[in-house]
Amino acid sequence: MIKSLSQQRIKLAHELVSAHLGRDEATIYGRLCHRFPMMVMQGGLMSAVLFISSKSTGEDTRPKAYQAILKDIAQVLKLGDKKNVIDVLAKEKNALQIMAWTHEVLHTWAMMRRFAVSILKVESGSEDDGEDA
């Protein structure tokens, strides 16, 4: 059976969010699922990815959540084994491709936000985690 684009997005979003259930970084990850689309809308995809990347260094739970978001972005954009999303975005010269990626990220993240609430139990108005996102 052929799945619609929405069904494919829902399946991917469910898999990505469910992977964090029970992990230490689940709450921070869930909050980022709520914040990331607004970052993209306010500053663009590249700016949002750069911000997430800047917070992804270290070994405690906060950087792990940011690293997971970067990994998820690569999966949503179907970049395969290209680990560095920033390099791929920076090298892309086609504005239509950037727009298509932005569109895909925003539509998939809308579902990820919903799964963050239903699976991870992280509400959009959850207590702030002290970040300037």
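Numbers at a glance
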{"quantity": "Cross-link pairs LYS3/LYS55; LYS93/LYS121; LYS11/LYS91 - those with Cα-Cα distance over 31 Å", "calculated": "LYS3/LYS55; LYS93/LYS121"}
{"quantity": "Dipole moment magnitude, nearest 20 debye, the chain about Cα centre, only Lys, Arg, Asp, Glu C-beta charged", "calculated": "580 debye"}
{"quantity": "Isotropic mean projected area of the C-alpha convex hull, the chain (nm²)", "calculated": "8.5 nm²"}
{"quantity": "Neighbourhood charge, 12 Å Cβ-Cβ cut-off, centred on LEU106 and excluding it, Lys, Arg +1 and Asp, Glu -1", "calculated": "+1"}
{"quantity": "Loop sites in segment 1-51: trypsin sites (Lys or Arg not before Pro), DSSP, at most 16 other Cβ within 10 Å", "calculated": "LYS3, ARG23"}
{"quantity": "Charge sum, other residues only, whose C-beta stays under 13 Å from GLU15's C-beta, Lys/Arg counted +1 and Asp/Glu -1", "calculated": "+2"}
{"quantity": "Interatomic Cα distance distribution for segment 60-100, bins of 5 angstrom, percent", "calculated": "6, 21, 27, 23, 13, 6, 3, 1"}
{"quantity": "Qualifying GluC sites (Glu not before Pro) in segment 1-79, DSSP loop, other Cβ atoms within 10 Å at most 15", "calculated": "GLU59"}
{"quantity": "Coil-residue trypsin sites (Lys or Arg not before Pro) of segment 44-82, DSSP, other Cβ within 10 Å capped at 12", "calculated": "LYS78, LYS82"}
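Each value in this text was obtained by applying a stated rule to the coordinates, not by laboratory testing. The structure presented is a predicted model; accordingly, all values stated were derived computationally and were not measured. Every residue, glycine as well, gets a Cβ built from its backbone with ideal geometry; the counts of neighbours run over all protein chains shown.
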